[in-house]
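For reference, the structure discussed in these notes is given below.
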Amino acid sequence: MSEGLLLVGASGLAREVIGTGVAVAGILDDDVALHGTLVGGVPVLGSTDAALGRDERLLVCVGPSRSRRDVVARLRALGVERDRFATIVAPSAIVGRSSTVGRGSILLDGVVVTADARIGDHVVIMPNCTVTHDAVLEDCATLAAGVALGGGVTIGEAAYVGMNASVRPGIRIGAEATVGMAAAVVRDVPLAQTWAGVPARALEVRA
């Protein structure tokens, strides 16, 4: 494969990845207005489908969990194999020897993952998060900056946990759920619900 990564998505997350110092060959984005421009000093080379005509490793840098999952599914449907996706762990991040990180995942500066945690594919962990023993982050989950997970927490597929939220040990955040900023989660969050507050509660859905 060619040197450098192709980032998919000309986003703030892409600029975060560029800031880690990893070699980036270019960015792919479906916004044609960005083609030929620079994002974080890196050229936007074309649309997502252009990945098929190139051989660099790929990293999907779409911020929202469900949107990132959709882009990954699109690339897989086009024939991109799982092994082509890169994994990025920033130089200042710490991952315990007994923990695992899946393909396409991004761990940014100051992240700490301790013992026996399992990070799935295409997970994004923003700066200064703490993931403690036996935690599980399923595919395409997102932790915003400063999140703290107690031991044995499970974050479901494509769920999102907002900045500086804390999750009590043993809690499960359901797939596609959203936890608000600075929330304190002390009960399981059902799938696809939005919870916020201290302690966190489900937000009312207004008609």
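Screening E204 on (1) free of Cβ contacts under 8 Å to residues at least 12 places away in the same chain; (2) under 21 Å from R68 (Cα atoms) shows it passes everything except condition (2). The C-beta contact set for the stretch 129-141 (first residue in the same structural domain as A165 (by TED's automatic domain parsing), second residue of a type in the set (F, W, Y) and outside any loop (DSSP other than H, G, I, E, B), distance under 9 angstrom, 6+ apart or interchain) comprises A141/Y160. Inside the stretch 155-207, residues that are touching a strand residue (DSSP E or B) at 6+ places or on another chain (Cβ under 6 Å) and part of a loop (DSSP other than H, G, I, E, B) make up a count of 15. Annotation note: Cβ proximity below 9 Å between a residue of the stretch 33-49 that is over 14 Å from G9 (Cβ atoms) and a residue that is among the hydroxyl-bearing types (S, T, Y) (sequence gap 6+ or interchain) occurs for P43/T37.
Only one residue in L78, L108, L45, L28 is in the same structural domain as M126 (by TED's automatic domain parsing) and either surrounded by fewer than 16 Cβ atoms within 10 Å (Cβ to Cβ) or aliphatic (A, V, I, L, M) (or both). Which one? Don't jump to the end; show me each part of the working.
Values: L78 fails: in the same structural domain as M126 (by TED's automatic domain parsing); L45 fails: in the same structural domain as M126 (by TED's automatic domain parsing); L28 fails: in the same structural domain as M126 (by TED's automatic domain parsing).
Answer to the check: L108.
Residues in the stretch 131-154: is at least one part of a strand (DSSP E or B), under 22 Å from D31 (Cβ atoms) and touching a helix residue (DSSP H, G or I) at 6+ places or on another chain (Cβ under 7 Å)? Give the derivation first.
Within the stretch 131-154, the first condition is being part of a strand (DSSP E or B), and the residues that meet it are 131, 136-137, 142-143, 148-149, 154.
Filter once more, so that each one left must be under 22 Å from D31 (Cβ atoms): 142.
Still in the running and touching a helix residue (DSSP H, G or I) at 6+ places or on another chain (Cβ under 7 Å): 142.
Taking every residue of the stretch 131-154 in turn, at least one turns out to be part of a strand (DSSP E or B), under 22 Å from D31 (Cβ atoms) and touching a helix residue (DSSP H, G or I) at 6+ places or on another chain (Cβ under 7 Å).
Can you find a residue in the stretch 143-150 that is under 19 Å from R68 (Cβ atoms), surrounded by 17 or more Cβ atoms within 10 Å (Cβ to Cβ), under 14 Å from the mean Cα position of the chain (by Cα) and in contact (Cβ under 8 Å) with a residue 40 or more places away in the chain? No: the stretch 143-150 contains no residue that is under 19 Å from R68 (Cβ atoms), surrounded by 17 or more Cβ atoms within 10 Å (Cβ to Cβ), under 14 Å from the mean Cα position of the chain (by Cα) and in contact (Cβ under 8 Å) with a residue 40 or more places away in the chain.
The values are calculated or read from the model by the stated rules, or taken from the named source; none is laboratory data. This is a predicted model, so every value here is computed, not measured. Every residue, glycine among them, receives a Cβ derived from its backbone with ideal geometry; neighbour counts consider all protein chains shown.
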